[in-house]
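Comments concern the structure below.
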Amino acid sequence: MNIQENISLKNYNTFGIDVNAKRFVSIESVYELQQLLKKEKDVFLVSGGSNMLLTSDIEKLVVHINIQGISIDKEDENHVYLTVNAGENWHDFVLWTISQDYGGIENLSLIPGNVGTCPIQNIGAYGVEVKDVITKVEAIEIESRKLVSFSNKECDFGYRNSIFKNEAKGKYIITSVSFQLTKKNHQLNTYYGAIETELASKNITNPTIKDVSDAVIAIRQSKLPDPKEIGNSGSFFKNPVISQKHFNKLQEEYSDIPSYKVSETEVKVPAGWLIEKSGFKGKRFGDYGVHEKQALVLVNYGNASGKEIYQLAQKIQRTIKEKFGIDLEIEVNVI
Ligand code: EPU
């Protein structure tokens with residue numbers, strides 16, 4: 001275990017924000033983590049760094065969770081049960097499942113980040129959320145250094161939400177995630193408009209999981225910036241849920257406002273649409289701005305600071321509140 005000093009975190013967050021870690025250590029096993037926690041309890045975790053906006057230097061010991069490995073726990077005729085260590089790259093894992101013809105996460109192709117953080121915000125895209133395939137999450141409880149297990153139910157998953165963003169926040173370090181995937185009779189989710197259009201454009205009528213994954217990759221590449229080229233953290237805000245009454249009032253003024261039904265009394269409105277309607281889409285201020293193809297994504301064109309991006313986010317929140325009376329909630333962790 002090698003604790004380094006004064007390390008830039010630029011390569012450890014997909015926003016590419018250049019802040020300094022006073023002390024930094026990369027951890028490659030559960031045992032190493034337990035040993036470290038004997039001496040250091042007040043730690044700051046980074047994994048894939050895909051859901052954080054760093055606004056200042058980190059004084060705490062930065063712990064990079066880099067525990068690798070995939071294992072097959074059991075198989076039956078229809079399913080395979082896998083445990084994947086936290087440091088595995090999410091998209092590489094998705095591609096591997098497709099190469100093995102294991103179905104269930106093809107719609108979640110190309111989401112940045114690592115496996116260990118996928119349960120925290122319950123990553124989701126194109127009609128699938130990771131909660132649909134997670135059977136168990138294992139984590140080290142920081143205080144006791146014990147390995148504990150959370151069942152799917154105990155994770156208390158919701159839209160971009162879980163126990164790890166609430167009661168369990170800051171108390172655990174996720175070390176592995178277990179999944180149940182299909183080996184045959186894959187349940188494809190292709191009803192999402194853009195996927196249907198993409199498959200039709202290739203004349204695919206009977207898609208495989210690989211076809212769906214390829215379609216999702218093509219859609220994401222056409223709309224979302226690649227963090228390797230332009231720093232970003234995916235959707236910066238959550239899509240807000242508002243009352244049907246509030247929505248009906250907005251619809252009188254904005255007849256084209258999109259919505260998804262949540263319940264008899266509530267609807268979800270795409271934050272991207274609200275931000276675009278407020279004139280922010282594609283706006284660039286110095287080295288940061290709002291992505292030109294998806295207004296929900298804030299971007300760092302090179303050397304922006306986390307503070308600048310956070311200020312822009314707050315400006316967007318104020319504008320949306322004034323114009324639509326809607327509170328936009330930030331989805332990424334602002335540190
Ligand atoms: N829209 C606009 N302008 C924009 C962006 C979107 O008007 O700049 C409108 C679109 O026309 C469409 C609607 O908003 O009517 C929805 O757009 P899209 O399908 O792109 O999805 P989204 O609601 O903006 C969510 C997730 C994404 C996920 C996509 C696809 C959240 C916060 N975001 O975005 O997740 O990839 O659906 O399922 O729920 C992420 O979390 O990082 C992420 C990228």
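Here, each number is a calculation from the coordinates, and none is a lab measurement. Here the structure is a predicted model, which is why all the values come from computation and not from measurement. FYI the Cβ positions are ideal-geometry reconstructions off the backbone, even for glycines, and counts take in every protein chain you see.
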(request) Filter the cross-link list 39/146; 169/277; 10/210; 39/169 down to pairs whose alpha-carbon distance in this structure exceeds 23 Å. (result) 169/277; 10/210
(request) Report relative contact order for the range 70-223 in percent, whole number only (criteria: Cα-Cα under 8 Å, sequence separation at least 6). (result) 29
(request) Among the aspartates and glutamates, select those whose C-alpha is under 19 Å from the C-alpha of residue 60, and discard any that sit fewer than 8 residues away in the same chain. (result) 5, 18, 32, 40, 42, 141, 143
(message) Let me check I've understood the local charge: for residue 328, count other residues with C-beta under 15 angstrom from its C-beta, Lys and Arg +1, Asp and Glu -1. What total comes out?
(response) +4
(request) Sort the range 231-334 into rounded, prolate or oblate with this rule: let a ≥ b ≥ c be the square roots of the eigenvalues of the Cα gyration tensor; rounded if a/c is under 1.5, and if a/c is not under 1.5, prolate when a/b is larger than b/c, oblate otherwise. (result) prolate
(request) Report the relative contact order of the range 231-334, percent, no decimals, based on alpha-carbon pairs under 8 angstrom and at least 6 residues apart. (result) 32
(request) Quick one: among 103, 306, 127, which has the greatest mean-square fluctuation in a GNM of the chain with alpha-carbon springs under 10 angstrom? (result) 127
(request) Sort the following peptides by mean Cβ neighbour count (other Cβ atoms within 10 Å, averaged over residues), highest first: 55-68, 16-29. (result) 16-29, 55-68
(message) Can you return the aspartates and glutamates within cross-link range of residue 321? Criterion is Cα-Cα under 17 Å, with same-chain partners fewer than 8 residues away left out.
(response) 253, 276, 329, 331
(message) Just to be sure I understand: with springs between alpha-carbon atoms less than 10 Å apart, which residue in 11, 51, 239 has the highest mean-square fluctuation in the Gaussian network model of the chain?
(response) 11
(request) Let me know the shape class of the chain, please: from the alpha-carbon gyration tensor, a ≥ b ≥ c as square roots of the eigenvalues, rounded when a/c is under 1.5, otherwise prolate if a/b is greater than b/c, or oblate. (result) oblate
(message) Need one word for the range 61-188: rounded, prolate or oblate. Basis is the Cα gyration tensor (sqrt eigenvalues a ≥ b ≥ c); a/c below 1.5 gives rounded, then a/b vs b/c decides.
(response) prolate
